[in-house]
Each structure stands twice: as structure tokens, then as C-alpha cells.
1. So what's the back-of-envelope 222 nm ellipticity for chain B, counting only DSSP H runs of four-plus at -39500 (n - 2.57) apiece and dividing by all residues, rounded to 500?
2. For the range B:203-296, what does the alpha-carbon gyration tensor say about shape, rounded, prolate or oblate, given a ≥ b ≥ c as the root eigenvalues, a/c under 1.5 as rounded, and a/b over b/c as prolate?
3. For the residues B:ASP273, A:ASP25, B:ASP416, what sequence is obtained by ranking on other C-beta atoms within 10 Å, fewest first?
4. Near B:LYS401, within a Cβ-to-Cβ distance under 9 Å, what is the net charge of the other residues, with Lys and Arg +1 and Asp and Glu -1?
5. What shape does the range B:130-248 take by its C-alpha gyration tensor, where a ≥ b ≥ c are the square roots of the eigenvalues and a/c under 1.5 counts as rounded, a/b above b/c as prolate, and the rest as oblate?
6. How big is the range A:28-182 by Rg and Dmax over its Cα atoms, in Å?
7. Would you grab the residues whose amide H sits under 5 Å from the one on A:ILE93? Only those 5+ places off in sequence or on another chain, please, with H modelled 1.01 Å from N.
8. Give the cross-link partners of B:LYS88 among the aspartates and glutamates, using a straight C-alpha distance below 19 Å as the criterion and excluding same-chain residues fewer than 8 apart.
Amino acid sequence: MLSIICTALLMASCVKDLDFDQSEDIVLTPIVELDFIFSKFDTNQFVDPSIDPAITVPEVEVDDTLNYDLLGSSFAVDNLERIELSFEFRNTIERDFVFEFGFLNEADQRIGPFFTLTANAGRGEGTTPVVTAETIVLDNATIRTLAPTKRLFSIIRVQNVNSGLRGILDVRSKGTYFINYDL
Amino acid sequence: MRVFIFVFIGIWSISVCSQNKETLYDFTDIPQALLLNPGAETNFKFHAGVPFLSQFHVNAGLRGASLFDVFGDDGRNINEKIEQTLNKLTSNDFVTLTQQLELFNFGWQSKKDPNVYFSGGVYQELDLIGYFPKDFAVLAYQGNRDFINRPFRFSTINGSGELLMVYHFGYNKKVSKKLTFGARAKLYSSMLHVRSARNSGTFTTVETPQGNNFYQHIISNADVTLRTSGLASLRELEGENSGKEVVSKLVGRALLGGNLGLGVDVGFTHHIDEQWSLTGSINDFGAILYAKDVETYRARGNFVFEGFETPVQFSGNGDQDFLDELEAAVPLDTLSTTYLTMRPLKLNGSIKYSFNPYEDESCNCSLYGDSPVYRDAFGLQVFSQFRPKRPQYAASLFYYKRIFNFLRAKVTYTIDDYSYNNIGFLLSTHIDKINFYISANNVLEYSNLAKARSVSMQFGFNFIM
């Protein structure tokens, strides 16, 4: 019915100076910001306060996996130009922290690149946090290799800790998704 | 996706507006004027529309932009033009399409009382209106990065569409020399209906410098409803004969097998004196009860997302699954409860001054009534139609001219939501008992429809005695 109406209208009139071939060039390029991962470490949550402060633990490692399949859709693979993952560490603990993360497939095997970031040591409890900012760029080729992603793993490592350490490490991150959707 | 966008922009641009028929209103030389004002003056003894050809009407309008704005061959990049058009349009801009096809139309003067005229008929109507979903169009086209802390409102999602058959019967009585009154009863049989209106809530990405993460993505008080009737059973049809089955289902619904409703039109014509007259009408005061084949989708809830907590979830929130949490917080319910929707009410009014009467015998005027037949008239008409968000208005100046007895014309100048320079015309030929009429508006734009914001046209054949 619509086509009959349109045809009738068009026959009774004149449509000038239009170029519908331009529709081939329509590209949607939204830029979407979405929170990624976050964490808040309080020293007394990973070192038992009852341990003698004279005892130094050579290394504490905390790791986790979580469900994450945002990159697995065909839309992401075909239309994500790149993803910028921005991390911000705010640290008052007087130790450097190493933060690692990567991606796992259905069989929990690591795929694609593996990222290591270092949060600089803070100046102690009650001081202004030391801020470390890092950005990781995943280009389309990397996103393609990450298509089978089902889970994300993350590890935090800190060395030479004791129960006398005080302070907080805040991890904040977001993804900026640059979409290029060709109609 | 591409097809959808083409159809959307296509409807938007080629056409669209309201159901205003400013050229036909109070054009009492043809019987279709009775459909706009059942109290229009009639001087017929009998009339019958040529089946399926007595009235075809289409009216399309776009408020806010034209096809040229996006597809104009002006050497500019189309994405730039889309972005400009997107920024220009507001959520009060809309696209409308109304189409009517009269199947039958007939009328006769009462034998008992020559002042009474009965008329009836059947017509099919398609009525679509879609408001520009500004906020979510921006989100889809530009994303949220440049709109941090700005809410995207679900209330910008608004639209309705209906395909229905209308059976009607009207009564028109010349109460006195000064007053004619009329009413028309309508039985609606709806074939398809969709509507999404009165949605509320927002989606906002809020910056949280002191929070757990950079942002909070907040769906707040979301309440979004899409009502459909007549669609669910069509969607289930598959296979080779699905086309035929769809047609047969729709025909069944057209023949009173659809969701039924009742409505009335009322109207009057009042002669203030010999030359001044006043008219008014209310059309489609009624409602349809949707009880068959109803599917209503409703999503309500609140949701906050601030990323995934890792590596260790000290907060004790447990393992997160983003989609599961979203679905639990803003559940999508599918309901089949009966609902009632008012028909889009339309109001018309006019004041007219007639002059230049036939003073010789050149006109067989008695056929058209006792009072002197005037060759010229001018006046003012107003129109309003209720829509999901707010009423639409139009006002027209008109000039009526009986050029020859067999050729009558009306020219209108209309101001409405679409433009301030809408010129319309109606030409009606009366040769022996055969009448043909054709009408269109926005004629100034016909030289290049691409730049038009609204177009309306109608034509038809009648047999009039």
C-alpha cells in the first residue's frame, strides 16, 4: 500500500536533486563509554592483621575470573573499530601493585594478548593517593582474535607485604567503544 | 536495518501530516463533505460513490525536516547532513501517514421528510504517526560519550499505527432554514494496531568521581510499554502460503472479525444571515476495545551498573552476570490483557461569507436547493486532531468559486505544523449526474516534492442526483 501511495505521489509530482546512492555511504559512528572493572583493596583484607608485623610475606597474589562475552557478538567483531580501556589506580599503600588481566575462551584457555599494568606505590594511609593512569588500545584485529571470549581473568600481585601496611588501592576502569556501523 | 531506515526516512520525507482535509471540508457540492461534517448542507436526492473509486485519500507529513535535508544532491557528505538533521529535529517532530479508501458510499433523501438525508458506507483507513525518538536516535548515532550526566528519556519514544475498516451510517436534517444538524454512527473493525505512548524513565551515564568506578550507568524508573493487537497471530504464520493466510486473516478482520469499536461524528451548519454561515464538527469520538490477539510488552524497573568488581569481590556481591542482572532488575513482561484506545478525535470549524448569487436562469439551481446559489465564497477554517503527545492544529483561509455550473473549485491557504505556505486546491466537475473531484495541497512544493514537508491528495467519482 505504501509503495502504491508513494508511486502515486511521485507520479503526480517531481522530485529533483536527490541522490539516493548516498545511502551507501551512511555510517553510524557512535562512541560509547561503559564502565569496565573496578576494585577496592584495603590492606587488612589481604594481610591477616593478627600476623606479627615483623614477618614479611614475599608476595600476595589475588586472582579472579568473571563472565564477560561483550566481544563475542558478530556486531562487536564486525563493527568495533577499536576499544580504549582506560585504567586509573589511586594508591595510598606504600607498595607497587602489578595488575594483570586477559581473556579466556569457553574452555578457560587464555586467548589474545595479556596485559600487565603497574600501580605506583602510595605514601601511606591518610595521604593523597598516588594516581597512575594507563590506557590500552584494542584494535579491530585484536578484537577479532578475542571473539571467542567468554570470561575475563585478573590478577593483582604485591610483594613484601606485612600486617603493618595501611592504606587503600582503588582500581577504576572504563571502555570507550568506537563503533563504525556501515548501513 | 537498512530497509527499516529507508522506509522510515521514505515515509518521513515523501509525505506526511494529519487528517486535515481542508479543501474537502464544507465543499457541499460533493457527498464526501458529509464524512467531515455530518451536519453539512446537502441538496442531493440520491448519491452513490463509484465502488472503490469514490474516495482515495492520502496525507503524509513530516514536521521538522524534508527528504532534501538528507538526500539532497549538494555535494555534502551524507553523514554530516544526517547529523545536522538529527540536531535540528526535536522529540516534538513527527512523521504521519494517513490513507483512506472508500469501498462504498451512498445516500438518499428521506421519502417521509425531504429535509432528512441518510448516508452510509464503508471505508478502510491506515493511520500512522511516529514521533522522532530524539534521545535514543542521538544515543544510536553519537553514543553517550558526549552526553555524560545527560538523561536519555524514554518518554521520547512515542508512536501509533492502525489499519482498520469503518462502517458508518449518518443522519442529516435541515431543522430550519437556518440550521442543519447531523450525526453519524461508526463501527470500527481494527485489523492491526500498535501503540507506544506515555513511556517514562531515563537512562543516564553519571560521572562519579567519588564512586566505585568512573561512572554509574543508571536506568531510572523505566516504564516502557508497547501494545500490539493483531500482530502476534500474523507473526506465527510461516511457510509458502503465509502471504495468502495473512491476506485472508486481514479480510476476516475487515469484515467485522477484528477488534471492534464504536464512535460518532456530529456536526452542524448555521446560517447567521443570508450570506454568513458557521459550521462545526467532531469526528471519531469513540474507542476501540482490543481483546483479540493482544500482546503487550512492558519493561519496568531500575538498574545501576558500575562495571565488574574484580579480582576479589570484597563487597560479597558474588559473581556478576550483567545481562541476568539487567533482566532481573528491568523485567520484560508479555501481557495479553484487554485494552481500550480512543480514536484520534478530530475537530473542524468554519465561518464562510458567500456572495455573487446566480441572478439569471443560466444555472439549474433548483437542483441544489431553495436558497440562492452563490458563485463565490470565502472564509476561515480551523482543524485540530488529538495525537499521542499533543494535538495538531491547522488554520486555513479559503476561496470557493463556481467557475461554471459544471466546474467548481476551492483554493485554500493553510498554516499548520509543517509549513506556513501550504496552498491547496479542489476541482470538482459535475457533468450530467457524474461527478469527479480531485484535490491536493502543498501545490507550491509539487515542483520539487523532495523539499516538501507535507502532501495530501484525494480524488473520487460519484453519481449524484
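All of the numbers you see were taken from the coordinates with simple rules; none came from a lab. Since the model is a prediction, treat every value here as computed from it, not as a measurement. Cβ sites come from the backbone with ideal geometry, for glycine too, and all protein chains shown count toward neighbours.
1. -4000 deg cm²/dmol
2. oblate
3. Ranking B:ASP273, A:ASP25, B:ASP416 by Cβ neighbours within 10 Å, fewest first, gives B:ASP273, A:ASP25, B:ASP416.
4. Surrounding charge for B:LYS401 is +3.
5. Oblate, since a/c reaches 1.5 and b/c is not below a/b.
6. Considering the range A:28-182 through its Cα atoms, Rg and Dmax are 17.8, 62 Å.
7. Hits under the 5 Å cutoff: A:GLY122, A:GLY124, A:ILE168.
8. B:ASP69, B:ASP74, B:GLU80, B:ASP135, B:ASP146, B:ASP416, B:ASP417
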